[in-house]
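Trainee: First, the structure itself, so that you have it in front of you.
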Amino acid sequence: MSDRRDFMGKALGAFAGLGALGALYAAKKTWDPLPSVKAAGFTTLDLKDYKEGELVTEMWRGKPIFVMKMTKKMLEKAKAREDSTAKGHKDIERLIKVGNDYYLVCVGLCTHLGCIPGYRPETQDFLCACHGGQYTETADVKKAPPPRGLDIPPFKLNGTKIILGEEGPEYKKMLANGITQRV
């Protein structure tokens with residue numbers, strides 16, 4: 001009789017132990033971020049795949065990210081405008097340089113009310129249809145009401161690849177110079 005009682009005690013203890021392990025595993029799973037959240041944290045883009053003057057919309061953390069390789073004409077236009085700006089920074093500083101190429105990489109949400117501005121290839125600028133705000137080809141404010149240019153997401157360069165969501169030295173320099181704000 002004692003053998004049977006010992007067996008039942010051990011079986012009940014083992015069953016309770018398995019239940020406790022299962023409860024701990026379930027609790028840990030609820031604390032971990034979802035796979036979709038983990039995947040949305042960092043986005044890697046290979047900039048060599050983008051064509052000059054063609055705006056591509058990518059997604060990062062549920063936000064539209066505008067990416068465009070700048071043409072020579074766009075760069076000349078931005079450099080010509082540098083002499084007439086009083087913002088404390090040059091328009092070309094809003095661009096990301098990789099090798100000899102410059103890229104526009106910005107969050108595609110208007111800094112006024114969060115609308116998505118449309119790109120106008122014929123004038124090479126952005127127009128926010130909600131309240132008529134305009135941005136230059138470098139995503140800086142051209143016409144109010146937006147209070148600042150389109151925000152630049154945190155990024156880190158790795159060769160020709162850009163990792164969105166990670167703060168590299170180039171991004172930290174943009175923050176320090178007041179070119180963008182944290183997103």
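Values quoted throughout were computed directly from the atomic coordinates according to the rules given, and no laboratory measurement underlies them. Note that the structure is a prediction, hence the values are computed from the model and not measured. Every residue, glycine among them, receives a Cβ derived from its backbone with ideal geometry; neighbour counts consider all protein chains shown.
Trainee: For the Cα atoms of the chain, what angle does the longest principal axis make with the long axis of helix 72-82, in degrees from 0 to 90, nearest 10?
Mentor: The angle comes out near 80 degrees.
Trainee: So, one more: Unpartnered cysteines of the chain (Cβ-Cβ under 4.7 Å counts as a partner)?
Mentor: When partners are defined as cysteine Cβ atoms under 4.7 Å apart, the chain leaves Cys106 without one.
Trainee: Set the Förster radius R0 to 35 Å, insert the Cβ-Cβ distance between Cys115 and Lys79 as r into 1/(1 + (r/R0)^6), and round the FRET efficiency to 0.05.
Mentor: About 0.75, to the nearest 0.05.
Trainee: What nm value, rounded to one decimal, do you get for the distance between Lys28 and Asp6 when each label is placed 7 Å out toward the C-beta?
Mentor: 3.3 nm
Trainee: To continue, here is another question. Give the angle, between 0 and 90 degrees and rounded to the nearest 10, that separates the Cα long axis of helix 2-31 from the longest principal axis of the Cα atoms of the chain.
Mentor: 10 degrees
Trainee: Oh, and also: Which entry is the computed percent of Cα pairs over 20 Å apart for this structure: (i) 56; (ii) 71; (iii) 61?
Mentor: Checked against the structure: label (iii).
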